[in-house]
Amino acid sequence: MFNSKFGSVPKFYVRAPGRVNIIGEHIDYCGYSVLPMAIEQDMLIAVEPVKTHVLQLANTNPLYPDFSTSANNIQIDKTKPLWHNYFLCGFKGIQEHFGLSDLTGMNCLVDGNIPPSSGLSSSSALVCCAGLVTLTVLGMNLSKVELAEICTKSEHYIGTEGGGMDQSISFLAEEGTAKLIEFSPLRATDVKLPSGAVFVIANSCVEMNKAATSHFNIRVMECWLAAKLLAKHKCLPWEEVLRLEEVQAKLEVSLEEMLLITEDTLHSEPYSPEEICRCLGISLQELKTQILSPNTQDVLTFKLYQRAKHVYSEAARVLQFKKICEEAPDNTVQLLGELMNQSHVSCRDMYECSCPELDQLVDICRKFGAQGSRLTGAGWGGCTVSIVPADKLSSFLANVHEAYYQRSNRSLVPEKQSLFATKPGGGALVFLEA
């Protein structure tokens, strides 16, 4: 296909995997550790550097039209999260990191088997893949950590204020192990998952594009505002505080104590912009120009108590999950399942990022043998992840398939994309032969 598109052959290939977040939802952009693993599904790009300054992009999927642009005039339209814009994010991130202005062009054919808008990071995998493609074409070197940090920052060009988990696991993943990803500074620690259980991904078949909807960025802003109100209440320099983790670090208290402080400080009724201004002692104009992002300036209510409560409790669950994996008691699978179930309840009730189909799918997974099941990824659609005892796997897959997919027209989605067991895969890499 490369030859029919470009009349030539690729010089090298780059792959970057998708990921499933086992536990730790919506807390990376609050500064807290998360626990993902790379999946075997990935983005693959075939590349041929060319002498012109033209970037030509094609996709093996006919739903995604070809695109070409000057390599020295990258424009990313935030209003339209089109597939090629994610490639341009990775390209531009590397270009800006090195301060380059005269870039060579390339012909790229993109292929991928990560279901789109499913919460398995197809878009971040494309950003990471493009970043590594650009780095390789330039003949430059960066560490995996540096690449992850650049691609995290550059994905913001498309308007998604993500926290860095997706890009970090895409580069830092290793086959056979999940990773505890910590931020500031970015580092990854192996987490050995229990051998007697399998993690199963089930797609709700409800698509959610983070860059196309406001839910995600409103949640980011609610966490920022909650952090500022908690900091102000505790007489900390609230103007400097952006993340809920910073409040905990400055107060030098435990996550459990932060939950109590949240209970004492924030009320459960939604906050209006005017009330937030009164709490912080600022004008509405200052709130809109100095704190709110352009896409949250017209939001009328912010739920600060619920969002902070989710973040601090979820951060604690991540640490408990890692501890149980390390200690490996006899009932490990049951204990991990309970944490995953608690996580889903918090995502559903406190963070309000679930949807009826995800809740139904979680219930079905638990009914047919999952010890724990939860939404994974941003939510509002996408996938669930379940921990299933290995000896129950085949009956679990058959029963879930019948109960969720066959009883509706969802069975039109290819089964390999909708319901599959997964094990921790490796990270992004460059190779010369297909």
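The values are calculated or read from the model by the stated rules, or taken from the named source; none is laboratory data. All values reported here derive from a predicted model rather than from experimental measurement. So basically every Cβ, Gly included, is an ideal-geometry build from the backbone, and we count neighbours across all protein chains shown. Just so you know, the surface numbers come from the protein's heavy atoms only, side chains and all, with ligands and any DNA or RNA stripped out. Shrake-Rupley method; radii C 1.70, N 1.55, O 1.52, S 1.80 Å.
In the set Lys309, Lys323, Lys288, only one residue is in contact with a Ser or Thr (Cβ under 6 Å, 6 or more places away or on another chain), in a helix (DSSP H, G or I) and without any contact (Cβ under 8 Å) to a residue 60 or more places away in the chain; that residue is Lys309. Before we move on, is Gln334 of a type outside the set (Ser, Thr, Tyr), open to solvent by 50 Å² or more (accessible area, probe 1.4 Å), at pLDDT 95 or above and under 21 Å from the mean Cα position of the chain (by Cα)? Here the answer is no, as Gln334 does not meet what is asked. For Ile201, are the conditions met, namely being assigned to a helix (DSSP H, G or I), at pLDDT 95 or above and more than 30 Å from Cys279 (Cβ to Cβ)? In short, no. Can you list residue pairs whose Cβ atoms sit under 9 Å apart, with the first residue in segment 80-104 being more than 27 Å from Leu63 (Cβ to Cβ) and the second being among the aromatic types (Phe, Trp, Tyr) and assigned to a helix (DSSP H, G or I)? Count only pairs 6 or more apart in sequence or on different chains. Correct list of pairs: Leu103/Phe91.
Within segment 191-199, one or more residues are open to solvent by less than 10 Å² (accessible area, probe 1.4 Å), in contact (Cβ under 8 Å) with a residue 40 or more places away in the chain and closer than 19 Å to Gly164 by Cβ. Checking each residue in segment 282-313 for being in contact with a strand residue (DSSP E or B) (Cβ under 8 Å, 6 or more places away or on another chain) and within 25 Å of Ile158 (Cβ to Cβ) picks out only Phe302. The strands (runs of 3 or more DSSP E) falling completely within segment 1-95 that include 1 or more residues that are touching a Cys at 6+ places or on another chain (Cβ under 8 Å) map to 12-23, 35-50, 54-59. I'm trying to understand the selection: among the residues of segment 57-104, which are at pLDDT below 95, surrounded by 17 or more Cβ atoms within 10 Å (Cβ to Cβ) and of a type in the set (Gly, Ala, Ser)? Listed by number, the list holds a single entry, Ala71. Of all residues in segment 297-306, those being in a helix (DSSP H, G or I) and open to solvent by 50 Å² or more (accessible area, probe 1.4 Å) number 0. Residues of segment 293-331 that are under 22 Å from the mean Cα position of the chain (by Cα) and at pLDDT below 95: Ser293, Pro294, Asn295, Thr296. Can you say whether Ile45 is more than 29 Å from Asp102 (Cβ to Cβ) and either touching a residue at least 24 places away in the same chain (Cβ under 8 Å) or acidic (Asp, Glu) (or both), as far as the supplied structure shows? Judged against the criteria, Ile45 is not a match. Scoring Ala16 on the criteria (1) farther than 20 Å from Tyr86 by Cβ; (2) open to solvent by less than 10 Å² (accessible area, probe 1.4 Å) leaves a single failure, condition (1). Of everything in segment 105-119 that is at pLDDT 95 or above and hydrophobic (A, V, I, L, M, F, W, C), the residue that is nearest to Gly159 (Cα to Cα) is Val110. Selection over segment 96-119 of residues that are part of a helix (DSSP H, G or I) and touching a Ser or Thr at 6+ places or on another chain (Cβ under 7 Å) gives a count of 0.
Yes/no matrix, rows are residues, columns are (1) open to solvent by 40 Å² or more (accessible area, probe 1.4 Å); (2) within 22 Å of Leu319 (Cβ to Cβ); (3) out of contact with any helix residue (DSSP H, G or I) (no Cβ under 8 Å at 6 or more places or on another chain):
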| position | (1), (2), (3) |
| --- | --- |
| Pro329 | yes, yes, no |
| Cys347 | no, yes, no |
| Ile364 | no, no, no |
| Lys367 | yes, no, no |
| Gly377 | no, yes, yes |
| Val400 | no, no, no |
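Of all the criteria given as (1) within 18 Å of the chain's Cα centre (by Cα); (2) open to solvent by less than 10 Å² (accessible area, probe 1.4 Å); (3) farther than 30 Å from Asp77 by Cβ; (4) not β-branched (Val, Ile, Thr), the one not satisfied by Ala188 is (2). Restricting attention to segment 11-30, the residues being within 30 Å of the chain's Cα centre (by Cα) and farther than 21 Å from Arg374 by Cβ number 5. Residues that are outside any helix (DSSP H, G or I), open to solvent by 20 Å² or more (accessible area, probe 1.4 Å), hydroxyl-bearing (Ser, Thr, Tyr) and out of contact with any His (no Cβ under 7 Å at 6 or more places or on another chain) do occur in segment 237-259, at least one of them. Considering only segment 214-230, I want to know if a residue exists there that is open to solvent by 10 Å² or more (accessible area, probe 1.4 Å), in contact with a helix residue (DSSP H, G or I) (Cβ under 7 Å, 6 or more places away or on another chain), modelled with pLDDT under 95 and part of a loop (DSSP other than H, G, I, E, B). Yes; the residues of segment 214-230 include at least one that is open to solvent by 10 Å² or more (accessible area, probe 1.4 Å), in contact with a helix residue (DSSP H, G or I) (Cβ under 7 Å, 6 or more places away or on another chain), modelled with pLDDT under 95 and part of a loop (DSSP other than H, G, I, E, B). Between Leu135, Leu147, Leu180, the distinction of being among the aliphatic types (A, V, I, L, M) and within 24 Å of Arg219 (Cβ to Cβ) belongs to Leu180 only.
On the basis of being at pLDDT below 95, aliphatic (A, V, I, L, M) and crowded, with 16+ Cβ neighbours inside 10 Å, does Ile158 make the cut? The answer is yes for Ile158.
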